1. Considering each of A:A53, A:A76 in turn, give the residue that is within 12 Å of another protein chain (Cβ to nearest Cβ), of a type outside the set (D, E, K, R) and part of a helix (DSSP H, G or I).
2. Which of the residues that make up region B:35-45 are within 7 Å of another protein chain (Cβ to nearest Cβ), of a type outside the set (A, V, I, L, M, F, W, C) and part of a helix (DSSP H, G or I)?
3. Go through region A:316-340 and give me each residue that's among the β-branched types (V, I, T) and touching a residue at least 40 places away in the same chain (Cβ under 8 Å).
4. Sort through A:E2, A:E48 and tell me the only one that's within 12 Å of another protein chain (Cβ to nearest Cβ), among the acidic types (D, E) and out of contact with any helix residue (DSSP H, G or I) (no Cβ under 8 Å at 6 or more places or on another chain).
5. Failed condition for B:F296, given (1) aromatic (F, W, Y); (2) out of contact with any His (no Cβ under 7 Å at 6 or more places or on another chain); (3) away from every other protein chain (no Cβ under 14 Å), with all others met?
6. Of the residues that make up region A:108-130, is at least one assigned to a helix (DSSP H, G or I) and either within 14 Å of chain B (Cβ to nearest Cβ) or under 16 Å from the mean Cα position of the chain (by Cα) (or both)?
7. Would you say A:Y67 is touching a His at 6+ places or on another chain (Cβ under 8 Å) and more than 12 Å from chain B (Cβ to nearest Cβ)?
8. When the residues of region B:211-239 are filtered to those that are touching a Gly at 6+ places or on another chain (Cβ under 9 Å) and within 30 Å of B:L19 (Cβ to Cβ), which remaining residue is farthest from the other protein chains (Cβ to nearest Cβ)?
Number of protein chains: 2
Amino acid sequence: MERVFNFNAGPAAMPEDVLRQAAAEMTDYRGTGMGVAELSHRSAEYDELHHRAMTDLRELLAIPDDYDVLFLQGGASHQFMMVPANLARGGKLGYADTGVWAHKAMEEAGLYGQTYTVTNAGPDYTTIPPDFAVQDGTDYVHITTNNTIYGTQYREFPDLAVPLVADMSSDILSRPVDVRKFDLIYAGAQKNLGPAGVTVVIVRKERLAQANTRLPKILQYRTHAAKDSLYNTPPTYPIYLMGLVFTWVKKQGGVAAMQARNAAKAARLYEVIDAYPEVFTGHAAKEARSQMNVTFNLKDRAAEADFIAAAKREGFVGIKGHRLVGGLRVSLYNAVTPEAVDALAAWLTAYAERKG
Amino acid sequence: MERVFNFNAGPAAMPEDVLRQAAAEMTDYRGTGMGVAELSHRSAEYDELHHRAMTDLRELLAIPDDYDVLFLQGGASHQFMMVPANLARGGKLGYADTGVWAHKAMEEAGLYGQTYTVTNAGPDYTTIPPDFAVQDGTDYVHITTNNTIYGTQYREFPDLAVPLVADMSSDILSRPVDVRKFDLIYAGAQKNLGPAGVTVVIVRKERLAQANTRLPKILQYRTHAAKDSLYNTPPTYPIYLMGLVFTWVKKQGGVAAMQARNAAKAARLYEVIDAYPEVFTGHAAKEARSQMNVTFNLKDRAAEADFIAAAKREGFVGIKGHRLVGGLRVSLYNAVTPEAVDALAAWLTAYAERKG
């Protein structure tokens, strides 16, 4: 079977070169006579690839030395509890409500402090409100930088007087980011970084030093920071795949090059959507549009199921919108090629010309 | 490079057939035009493999219908906190101290109840004490069925008046087990089940119904049980590899066949160790010997480093003992072939004949 055009929202497309290398090394990693999944996590070979992945991520995102990089498990959903469990200090916890994932993060924090909504984009979640109503005695403010379901994304990040925490699961490594704006960044890997099963956390060391200690060791960031994320057995194979993705991003020219490529991909699709307002309607407000997830509807919503089926026959996979909002969603993570986007844009144009 | 004889303690050898299939399917799983790591966890294809893995595990271990099977993340170390967080009910928590992992499990439980040692095999941990001093008001008793570092293993499980919880990370699926003896079984995958990054939990439904609710949702077993472990994005690729291992075990004849094969493998090595008492000394007491991890020393301990290096030149990898006890350890999980064990036994015999 030929490879399809994979626009899944996550887990999502991975670079084909990465997959081919992983397949070639599956039973013998670099002459060890073992696959990566069979290496001891205490072996020199695993240790090297583990630390290389950390170093590459530091280089790609220009992570300052006073930040720790952690490779954890459990996905962003697990960070929803680890963030407040570690960082709440008896004060209030402010959450920017820009969608259901932001809302879930806030819910989990409720056990650890008094949560409140610092900004609210509901109920339609088509915008990214720029104003933050930060209350006195706030321990941190939490934002979700890209909202996959609605196709909205922060362009700029707020300057606040309190620590800023970001769920970057769906746009990390898609663009340069000033890490210093954040005290903690977390991201499940399964969109831009690699396969599901590993979570990246980037955290200011000073914040860790103040973190709560009355927690199980395994739930404390400091436990993992002290051992370079080798306190317990890490998800070695997912970390290996993620490391291959980092190498691939470096070869593409790094995150600045990814940003340019991603901006062009997104612009190509938004252009088609905007060119045929009698056929397509964008979901997100224009100024809040995401470069990662392009969400839209057919004007003729009854035709959407047939549209998705027809797309699938052409090899365009994963364009059905999230069940909460319906419609269509095309995800354009780093590994989605410009060629895939061009093919889809041409097909959308032909569809619109027929219907328009 | 040829495949080596991999006796790693975990992550450990995987069946070569499994790795070859995974490599072949890396860029195209069953004609989808996508690799498994690229499939949406909400897709029909992933859903099928996810549930097939659950069904296969149920069949292999004869798990009764009134137990839930969960695929979680974080390894056994994460279960050290999830077990008491969910199952402690204000009473005491009894732990069988049969090694450092058992001890770590007990430490994490300290935040959730009054822990005590129900049986103690320390400080050498060469035995499996059969007697359990269960105190009144005990919520559960926790055992570690196989102790990788020391090479000890429970042959029989206690009949207690309180719920029994077992860490089976290093011997699950190596032998038939009467699941009904336990209220909860957990196991990191990276020894007998597959790659690191997925954790199996088998739990009596009745126990879940009584579990604590004042916990973050992500830490509650019931959250995952209610959604067939699809509450959040599961570690899809590790689960896929684990599923391939389940299929492989079924082809080998199931866990009874694995037990026979494992017993023969272990007997072969213990036979050599016992045949040359002037060269080798077994670590574990004979009646407590593990069929998964054969631990021993050279009488001439100063020769161990050279011995390990010489073994490595012959293609025998991973036989160095854990840093806590030193010496030698040969791990014989399901995927270690009888041929690998025969080769090692022959080499050990030749070594002993030369030295003896």
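A short reminder: the numbers here are calculations on the coordinates, not readings from a lab. Note that the structure is a prediction, hence the values are computed from the model and not measured. Please note: Cβ atoms are built from the backbone with ideal geometry, for glycine as well, and neighbour counts cover all protein chains shown.
1. Criteria check complete, one pass: A:A76.
2. Correct list: B:E38 only.
3. Scanning region A:316-340 gives A:V317, A:I319, A:V325, A:V330, A:V336.
4. Of the residues listed, the single one that is within 12 Å of another protein chain (Cβ to nearest Cβ), among the acidic types (D, E) and out of contact with any helix residue (DSSP H, G or I) (no Cβ under 8 Å at 6 or more places or on another chain) is A:E2.
5. Unmet for B:F296, out of (1) aromatic (F, W, Y); (2) out of contact with any His (no Cβ under 7 Å at 6 or more places or on another chain); (3) away from every other protein chain (no Cβ under 14 Å): (2).
6. Within region A:108-130 (the criterion being assigned to a helix (DSSP H, G or I) and either within 14 Å of chain B (Cβ to nearest Cβ) or under 16 Å from the mean Cα position of the chain (by Cα) (or both)), the answer is yes, since at least one residue qualifies.
7. Answer is no for this residue.
8. B:I239
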